1. Pick out the one residue from 208, 276, 290 that is modelled with pLDDT of 80 or more and touching a helix residue (DSSP H, G or I) at 6+ places or on another chain (Cβ under 8 Å).
2. Taking helices (runs of 4 or more DSSP H) that do not extend beyond the stretch 121-218, which have at least 3 residues that are closer than 30 Å to residue 105 by Cα and under 30 Å from the mean Cα position of the chain (by Cα)?
3. Any idea how many residues of the stretch 519-561 are of a type in the set (A, V, I, L, M, F, W, C) and in contact with a Phe, Trp or Tyr (Cβ under 8 Å, 6 or more places away or on another chain)?
4. Go through the stretch 399-431 and give me each residue that's among the polar types (S, T, N, Q) and out of contact with any Leu (no Cβ under 7 Å at 6 or more places or on another chain).
5. Please go through the stretch 408-443 and pick out each residue that is of a type in the set (Asp, Glu) and at pLDDT 90 or above.
6. Tell me, which helices (runs of 4 or more DSSP H) wholly within the stretch 521-594 include 1 or more residues that are aliphatic (A, V, I, L, M), within 17 Å of residue 357 (Cβ to Cβ) and touching a residue at least 12 places away in the same chain (Cβ under 8 Å)?
7. If only one of 422, 358, 386, 392 is in contact with a strand residue (DSSP E or B) (Cβ under 9 Å, 6 or more places away or on another chain) and farther than 25 Å from residue 439 by Cβ, which one is it?
Amino acid sequence: MAFARKNRKDAGVTAPVATATSPTDVAHNVAGTVLTTSAEPPQEPKAPAAVIAPKEVNNGQSNKRLGEQLIGSRLITQEQLDAALAEQVSSGGRLGEVLVSQGVLTEQALAHALAAFFGFDVANLRRDNVDPATLMLVPENVAREHMAVPIRMSGNSLEVAVAEPSEELRAELSQLVARDVQLRIAPLSDIRWAIDSNYRAIGAVGQLVQAFESVEVARRRAAEAPAAEAPVGDDAPVVQVVDRILTQAMRDRASDVHIEPSDDVVRIRFRIDGALKEILTLPAAIGPGLVSRIKIMANMNIVERRRPQDGQLTITIDGTEVDVRVATAATIMGESCVMRILDKTRSVLRLNDLGMPTDTHLAYSKMVRSPFGMVICAGPTGSGKTTTLYATLSEVSNPTLNVMTIEDPVEYVFPSINQIQTNDQAGITFATGLRSILRHDPDVILVGEIRDVETTRVAVQSALTGHFVVSSLHATDSVSALHRFLDMGIESFLIASSVLGVVGQRLLRRICPSCKGIYTPTPEELDFYHEAGGSNKTVFYAGSGCNFCSHTGYNDRIGVYELLIMTPELRRLIVGWATQEELRAMAVRQGMRTMRQEAIGLVDQDITTIEEVIRSMYTL
């Protein structure tokens with residue numbers, strides 16, 4: 001399947017530094033190319049192409065270089081410019097990109113500096129809607145190649161947002177669309193997002209569905225072999241529909257794709273930032289074909305449609321390799337399918353990047369450096385438990401320790417860690433894999449998930465025999481995780497002796513910074529806020545909805561944590577089979593802040609909303 005994205009052309013060339021800067025040099029300098037000093041006379045140039053002249057600045061130097069423009073605007077200092085130029089010489093990147101990567105400039109500030117340098121307007125892609133009619137003028141491959149997105153028609157001219165303007169680009173686009181083109185400046189990340197969100201991979205699904213239906217009609221009319229099925233090629237409509245759904249899910253930052261059959265349609269829903277959103281509805285007839293295609297990709301049994309099945313596949317989408325976990329189940333309406341997308345290129349977060357409060361981070365970091373015992377990450381599905389476990393491994397791993405994991409599946413690959421993936425067909429479960437790990441003299445053991453009594457008992461015994469064990473457990477909070485162990489039949493004195501602490505967690509959606517504004521909470525929200533210990537603040541913020549957040553008002557998520565540290569008092573309560581309320585009350589008296597308290601703190605900091613806290617953890 002073809003998911004490869006074209007690489008953007010590099011407009012950079014090496015230009016000599018001269019006392020008088022030519023227009024061509026200006027264009028290259030703004031693009032951020034390497035500037036070097038040369039004693040040799042320049043070669044006889046070919047007839048240069050016309051370039052865009054920068055706007056006249058106050059001191060009359062029309063050919064002022066970008067670096068001097070930034071210094072004159074007090075966006076950077078001379079020392080920062082010198083450091084960026086030195087980095088530019090070694091890396092060969094563009095000056096603007098180097099300044100952004102070094103944290104000297106933001107992309108927004110760079111875009112405004114380029115706009116002032118060239119005399120262009122800045123396009124606000126976060127607020128301005130792209131006219132769908134203009135997308136037909138500039139094909140997607142051209143937009144991705146040049147990082148240029150059409151915005152709207154202005155009279156007979158087409159407005160196009162670009163990150164790096166040049167006359168060559170304007171002329172090429174003008175020739176392509178057969179009309180005049182006006183360039184606008186926008187940050188590179190905004191342009192990437194605008195291309196992904198406007199050139200929808202599922203835009204042509206309707207035509208593919210029509211092609212599928214025509215093939216089905218022809219097949220039914222074939223009286224010679226009514227039950228025969230022709231081999232499915234990569235250009236078959238069902239294959240292309242599956243490819244486009246996965247591509248769009250990746251571009252929309254979806255964590256899960258749900259294919260759900262009903263009476264007359266098949267719903268396609270994406271889970272984005274923890275909330276499901278309906279993306280597409282297809283005719284019911286195509287549903288079995290979609291699920292069968294996904295099963296083939298995941299090496300699952302396409303004949304068996306009654307029993308639930310699990311599988312996994314690896315594909316490349318827009319040049320990025322991703323793992324997809326597949327689960328199917330038979331419903332009364334047909335076979336449903338859920339695909340979880342795991343981006344293998346994501347970097348592993350460190351503990352201090354998770355969003356834990358400072359004191360919680362310090363206490364947890366101290367706990368996970370214990371030579372033996374068990375630490376549990378508790379929370380529901382999709383609460384970020386695996387991310388916390390991997391951040392813990394990255395914190396404790398060092399060349400003097402033998403770190404081993406048993407996971408299903410291995411989501412991140414650590415070069416210095418021995419990782420085992422479960423395989424039911426080969427008899428490798430969490431319990432059997434954990435037993436085999438104990439024969440390899442491990443110091444630190446990660447159990448991807450504690451699901452059954454056997455795995456729990458082996459993990460507890462490992463913690464009691466001198467190993468440090470970290471694992472995840474499905475539970476509502478830290479206290480309920482301890483009671484889940486008791487419910488599994490693990491003796492209370494073993495739990496009290498082996499568990500060092502439990503971190504309960506949730507993920508809350510952040511307010512979108514692009515459309516963040518003042519709003520008035522409802523009376524019910526205010527009552528919840530004050531009952532949960534909120535401050536006396538009177539001004540609250542929420543997202544009004546914009547292009548960047550798909551008009552949800554939220555963009556990205558942040559973790560909320562509560563850390564229960566096992567103290568002698570808590571151990572005595574556990575041995576005495578205390579209730580969850582008694583355990584929680586004791587933990588709070590000893591300094592534990594609950595997840596609801598932490599979430600209300602994020603509302604006080606205007607990071608999330610009361611509505612989002614109620615949606616995620618109202619009952620805590």
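1. 290
2. Helices (runs of 4 or more DSSP H) meeting the threshold: 140-146, 188-198.
3. Selection size over the stretch 519-561: 4.
4. Of everything in the stretch 399-431, those that are among the polar types (S, T, N, Q) and out of contact with any Leu (no Cβ under 7 Å at 6 or more places or on another chain) turn out to be 400, 402, 416, 418, 419, 421, 422, 423, 425, 429.
5. Result: 441, 443.
6. Result: 580-589.
7. On inspection, the qualifying residue turns out to be 386.
Every residue, every condition in (1) in contact with a helix residue (DSSP H, G or I) (Cβ under 7 Å, 6 or more places away or on another chain); (2) hydrophobic (A, V, I, L, M, F, W, C), yes or no:
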residue	(1), (2)
565	yes, yes
574	yes, yes
578	no, yes
581	no, no
585	no, yes
588	no, yes
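The values are calculated or read from the model by the stated rules, or taken from the named source; none is laboratory data. Just so it is clear, the model here is predicted, and its values are computed rather than measured. Please note: Cβ atoms are built from the backbone with ideal geometry, for glycine as well, and neighbour counts cover all protein chains shown.
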